[in-house]
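The values are calculated or read from the model by the stated rules, or taken from the named source; none is laboratory data. Keep in mind it's a predicted model, so treat the numbers as computed, not measured. Cβ coordinates were reconstructed from backbone atoms using ideal geometry, including for glycine residues, and neighbour counts include every protein chain displayed. In case anyone asks, the SASA skips ligands and DNA or RNA and just uses the protein heavy atoms, side chains included. Shrake-Rupley method; radii C 1.70, N 1.55, O 1.52, S 1.80 Å.
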Amino acid sequence: MTDTSLADAPGTTTAQRPFLVVDDLRVHFPTDDGLVKSVDGLSFELRRGEILGIVGESGSGKSVTAQAILGLHKGSKAQVSGRILLDEQDLVPLSENDMRGVRGDEVSMIFQDPLSSLHPFYSIGNQISEAYLVHNKVGKKAAKQRTIEMLQKVGIPNAAGRYDDYPHQFSGGMRQRAMIAMALICQPKLLIADEPTTALDVTVQAQILELIKELRDELNSAVIIITHDLGVVAETCDQVVVMYGGQCVEKGTVDELFDRPEMPYTWGLLGSMPRMDRVRQERLTPIPGSPPSLINVPKGCVFNPRCRFSDRVEGRRCFTEHPDLLETTGSTDPRVRHQVRCHIPPAERQEILLTEIRPTL
Ligand SMILES: Nc1ncnc2c1ncn2[C@@H]1O[C@H](COP(=O)(O)OP(=O)(O)OP(=O)(O)O)[C@@H](O)[C@H]1O
Ligand SMILES: [Mg+2]
């Protein structure tokens, strides 16, 4: 452990101490059909001033992970285990009540669906002011002032004039901005943004990512961005976790993930996902097959039913042995080690990347 003041100093982007440690997180839901293993042994670390991207196809466990960090499974049937250390405090054993104090004070979330977190019957301004009042001992007038400032900051034109508007009077892009204003007004040390730019036009997307980066720069916040868009990751994130079937199958710095991806699933994603920064979209090739059942997860490697390369591994290990998440030979950053969950021998992975994958991306 190192100097804690470093982690708290505004503007410091290289704090040594992780602010968020997710360690062997599991979120399982008992259902009539069996146990749904939505998140199964996920680990990552995030420092203040860093932006982590979580990517993966629909149903891979991204939102459930975010909900677990916010303690939103508390009081439900979900079985949550592992550790979620926020500033060294483990959130997993906290009661729903204690967790409520942490949320909003320290952690804010931008939800996948902006309407789900905006109440239709209260004005936008009131809702944001209320969020501010819950965590700050100020009068209503000061809260209103602060809200208008924040609405201006997220680019709502004539913010004072639109304070009393209701959610339905805002466009989709404006509602998303209003929700971001609500998430930022409490100056969270950790911001979790679940698909923050989905369904927004490209210009608005870019503005919202800029705002998130500003928060990171001004408050030295840690940020998690969940996205389907690898262009968003390339533009904003420092490190990436690739999720498949509730597990992390590859993680590393953004540069490593884009320059030297090693997991066949990551190769598939790179070829199949839209890229805001890529003009030519016509070469998108979907990954054949569909994501695994989270109740009957395939034996061996969770990706084996869709992997084109499992015959390169001797002894059918891909079908019998669950691969560990291991550091790659090319891992360069000691703080964010490049790790991959794959039985293909490392030298062969490099070879496949160079000769078969790279030319198609
Ligand atoms: N309360 C619940 N009970 C049972 N299963 C659940 C529950 N919540 C989520 N799941 C399941 O967990 C899996 C992961 O869901 P999650 O919402 O995390 O996916 P995601 O990666 O965010 O997908 P998307 O990209 O579509 O948002 C899904 O199969 C989902 O059906
Ligand atoms: Mg989701």
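Select from Thr328, Thr227, Thr253 the residue whose mean-square fluctuation is largest in a Gaussian network model of the chain (Cα-Cα springs shorter than 10 Å). Among Thr328, Thr227, Thr253, the largest mean-square fluctuation in the Gaussian network model of the chain belongs to Thr328.
Computed on the Cα atoms alone, the convex hull of the chain gives a volume of 146 cubic angstrom per residue.
Heavy atoms only, 1.4 Å probe, whole protein assembly: order Phe170, Phe121 by accessible area, highest first.
Values: Phe170 5, Phe121 160 Å².
Accessible-area ranking of Phe170, Phe121, largest first: Phe121, Phe170.
Dipole magnitude for region 127-244: about 660 debye, using +1 per Lys or Arg Cβ and -1 per Asp or Glu Cβ, origin at the Cα centre. Build a GNM of the chain with springs between Cα atoms under 10 Å apart, and of Glu106, Glu262, Glu214 the one that fluctuates most is Glu214. Counted over the chain, the DSSP beta bridges are approximately 60% antiparallel.
Within the listed set Leu35, Leu118, Leu270, the residue fluctuating most in the Gaussian network model of the chain (springs between alpha-carbon atoms under 10 angstrom) is Leu35. When you work out D = kT/(6 pi eta Rh) for region 110-255 at 20 °C and 1.002 mPa s, using the Kirkwood radius from C-alpha pairs as Rh and the Stokes-Einstein form, the result is 134 µm²/s. Ordered by solvent-accessible area of protein heavy atoms (1.4 Å probe), largest first, the residues Tyr244, Tyr132, Tyr122 come out as Tyr122, Tyr132, Tyr244.
What number, in percent, do you get for the relative contact order of the chain if the mean sequence gap of Cα pairs under 8 Å and at least 6 apart is divided by its residue count?
Values: 697 pairs, mean separation 65.7, N = 361.
With pairs under 8 Å counted, the relative contact order is 18 percent.
Here the contact order of region 101-195, divided by its residue count and restricted to Cα pairs under 8 Å and six or more residues apart, works out to 50 percent. Taking packing as the residue-averaged number of other Cβ atoms within 10 angstrom, the listed peptides 20-26, 56-62 run from highest to lowest as 56-62, 20-26.
Add -39500 (n - 2.57) for each DSSP H run of 4 or more in the chain, then divide by its residues: what number comes out at 222 nm, to the nearest 500 deg cm²/dmol? Intermediate results must be reported in sequence, preceding the final value.
Working: 12 runs with 113 residues, N = 361.
Helices in the chain give a 222 nm mean residue ellipticity of -9000 deg cm²/dmol.
Annotation for Thr285 and Asp165: the two label points, set 7 Å from Cα along the Cα-Cβ direction, are 4.5 nm apart. Legend: translational diffusion of region 224-361 by Stokes-Einstein, Rh = Kirkwood radius over C-alpha pairs, 4 °C, 1.567 mPa s; D = 84 µm²/s.
Restricting region 291-337 to GluC sites (Glu not before Pro) that sit in a DSSP loop and have at most 15 other Cβ atoms within 10 Å of their own Cβ leaves Glu321. Compared with the dominant Cα axis of the chain, that is its longest principal axis, helix 172-184 is turned about 80°.
Using a probe of 1.4 angstrom and keeping all protein chains present, the accessible surface of region 87-136 works out to 53 square angstrom per residue.
Structure note, pairs Lys37/Lys137; Lys77/Lys189; Lys62/Lys189; Lys137/Lys213; Lys74/Lys141; Lys213/Lys251: Cα-Cα distances above 31 angstrom occur for Lys37/Lys137; Lys74/Lys141.
Nothing charged except the Cβ atoms of Lys and Arg (+1) and of Asp and Glu (-1): what's the magnitude of the dipole of the chain about its Cα centre? Round to the nearest 20 debye. Let's see the in-between values first.
Details: 40 positive and 48 negative charges, 119 e Å.
Result for the chain is approximately 580 debye, rounded to the nearest 20.
Taking only protein heavy atoms and a 1.4 Å probe, the accessible area of the chain is 51% carbon and sulfur.
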